[in-house]
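First the structure, in the form of structure tokens, and then the observations on it.
The values are calculated or read from the model by the stated rules, or taken from the named source; none is laboratory data. Not measured: the values here are computed from a predicted model. Cβ atoms come from the backbone with ideal geometry, glycine included; neighbour counts cover every protein chain shown.
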Amino acid sequence: ARLLNATTCLKHQAALSIAYGAGLRVAEVAALRVSDIDSERMLLRVERGIGGRYRNAMLPADLLPLLREWWKAGRQQGVMHSGGWLLPGQDTMRPISTRQLHRVVVDAARAAAITRRVGPHTLRHSFATHLLEDGVDVRVIQVLPGHSRLETTALYTKVATRTVRAVISPLDRLGTLTTAQARPDG
């Protein structure tokens, strides 16, 4: 939340919110077109995923008003076109660069006083990790960011510490051990 709120303009906040809210890769965020937003089905069409495959990503309900606000502001600035890029670059005929998105993340992290090393992929990792910590099935998480192999998604189980802390050991479920029952002979 601090990172997203530390962005300096609406376009940048939209870009980082897309990366985190839909779990997209930085190149996927940059390649989005206005026509890739399906507000009826609440989906983002990702045309250029890994291996050139297309997939649908989730469009979070809280992201849609932000994208609409960006659309209006971009139209007023003359940078948004109905068939154009969702996040146009300095040349409106080209999308924002992945390098620029990286700078946006780093600058927002600095402004938010986040001392850890952060990049656009951090938002994608956070998306998957937070879903896992919220109890979403790992197979569902595999599909959302477009992982082809479950092993890739399983890496998030190593960083989801809240999930590990929430697991109740079978020993704890037995409820048979108490300190009063501890044997004095060890």
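Looking only at the range 57-89, filter to residues that are assigned to a loop (DSSP other than H, G, I, E, B) and not small (Gly, Ala, Ser); which one of those is surrounded by the fewest Cβ atoms within 10 Å (Cβ to Cβ)?
If we filter the range 57-89 for residues that are assigned to a loop (DSSP other than H, G, I, E, B), which is where we start, we get 59-62, 78-84, 86-87, 89.
If we keep only those that are not small (Gly, Ala, Ser) as well, we get 59-60, 62, 79-81, 86-87.
Values: LEU59: 21, PRO60: 15, ASP62: 9, VAL79: 17, MET80: 20, HIS81: 14, LEU86: 25, LEU87: 25.
Step by step, filter the range 57-89, then rank; the result is ASP62.
Identify the single condition in (1) more than 16 Å from LEU16 (Cα to Cα); (2) modelled with pLDDT under 95 that LEU63 does not satisfy, given that it satisfies every other one.
(1)
Within the set of pairs 6+ apart or on separate chains, which have a first residue in the range 120-131 that is free of Cβ contacts under 8 Å to residues at least 12 places away in the same chain, a second that is of a type in the set (Gly, Ala, Ser) and in a helix (DSSP H, G or I), and C-beta atoms under 7 Å apart?
Listed by first residue and then by second, the contacts come to nothing, as the list is empty.
Could you check how many residues of the range 1-40 are part of a loop (DSSP other than H, G, I, E, B), small (Gly, Ala, Ser) and over 11 Å from the mean Cα position of the chain (by Cα)?
Looking only at the range 1-40, we keep the residues that are part of a loop (DSSP other than H, G, I, E, B), and these are 1, 6-9, 23-25, 31-32, 39-40.
Next, from what is left, pick out any that are small (Gly, Ala, Ser): 1, 6, 23, 31, 39.
Checking which are over 11 Å from the mean Cα position of the chain (by Cα) leaves us with 1, 6, 31, 39.
Going through the range 1-40 one residue at a time, the tally reaches 4.
Pick out the one residue from ARG103, ARG117 that is exposed (fewer than 12 other Cβ atoms within 10 Å of the Cβ), within 19 Å of VAL26 (Cα to Cα), among the charged types (D, E, K, R) and free of Cβ contacts under 8 Å to residues at least 60 places away in the same chain. Reasoning before the result, please.
On the way: ARG103 fails: exposed (fewer than 12 other Cβ atoms within 10 Å of the Cβ).
Going through ARG103, ARG117 in turn, the sole match is ARG117.
I'd like the full set of residues that are acidic (Asp, Glu) and surrounded by fewer than 20 Cβ atoms within 10 Å (Cβ to Cβ), limited to the range 1-36. Steps first, answer last, please.
First pass over the range 1-36, keeping only residues acidic (Asp, Glu): 28, 36.
ASP36 - this is the single residue of the range 1-36 that is acidic (Asp, Glu) and surrounded by fewer than 20 Cβ atoms within 10 Å (Cβ to Cβ).
Looking for something at pLDDT below 90, farther than 22 Å from ALA6 by Cβ and surrounded by fewer than 16 Cβ atoms within 10 Å (Cβ to Cβ) - is there at least one such residue anywhere in the range 37-48?
yes
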